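J.: Shown below is the structure under consideration.
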Amino acid sequence: MAEEKIVVREEGIDELLDSFMKILMIIIVLGIIIYLIQMIQQSIQQAVEAYVVERNVELEALLQGSVLPNKPIKFYYRPSGSAEWIYIDTVYTDSEGKARKIISLSRGTYDFKAVFEGDDNYEPTFAEKLNIVIS
């Protein structure tokens with residue numbers, strides 16, 4: 001049985017290594033490009049979510065009867081179904097007897113409450129709006 005000899009030319013190995021290195025570089029560059037695209041998409045998605053997460057809600061309370069300017073109204077909110085009211089702010093009524101407050105909330109369903117604690121001339125009162133959907 002005759003022995004077969006395999007002869008590998010040195011130039012062929014160099015060309016093969018050069019081709020392999022070029023392919024490897026292309027794969028690395030493509031990996032970096034894919035990674036950067038994913039990071040950009042994630043950043044854009046986070047920016048969109050951050051924009052959509054908060055909604056401005058205008059709260060308005062009117063003391064009815066005669067016009068009652070400069071009376072303190074306390075605003076509260078809570079996620080619907082929660083027992084605990086969260087204090088927002090105290091706002092004084094304007095010349096028309098209205099108190100207004102703008103707040104930012106996440107999407108969800110909320111209850112709102114406005115409270116006038118009364119004074120020497122007027123009894124305390126409050127009003128609630130329940131199950132208001134912020135979308």
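J.: Given 0.36 nm per residue, what is the gain on full extension from S19 to I86 after removing their alpha carbon distance, in nm? Working shown, then result.
T.: On the way: separation 67, 0.36 × 67 = 24.12 nm, distance 6.70 nm.
Gain in length upon complete extension: 17.4 nm.
J.: Going by average Cβ neighbours within 10 Å, how do the peptides 28-36, 65-73 rank, with the highest at the top? Walk me through the numbers before you get to the answer.
T.: On the way: 28-36: 10.0, 65-73: 14.0.
The packing order, highest mean first, is 65-73, 28-36.
J.: In addition: Magnitude of the Cβ-charge dipole of the range 55-134, K/R +1 and D/E -1, about the Cα centre, nearest 20 debye?
T.: On the way: 10 positive and 12 negative charges, 89 e Å.
Dipole about the Cα centre, nearest 20: 420 debye.
J.: In terms of modelled amide H atoms, which long-range or inter-chain residues lie less than 5 Å from the amide H of S80?
T.: T109, Y110, D111
J.: Ranked highest first by the average count of other Cβ atoms within 10 Å around their residues, in what order do 127-134, 15-22 fall? Write out the running numbers ahead of the final one.
T.: Details: 127-134: 11.8, 15-22: 10.2.
Highest to lowest by the protection proxy: 127-134, 15-22.
Each value in this text was obtained by applying a stated rule to the coordinates, not by laboratory testing. All values reported here derive from a predicted model rather than from experimental measurement. Because the Cβ atoms are built from the backbone with ideal geometry, glycine has one as well, and the counts that use them run over all protein chains shown.
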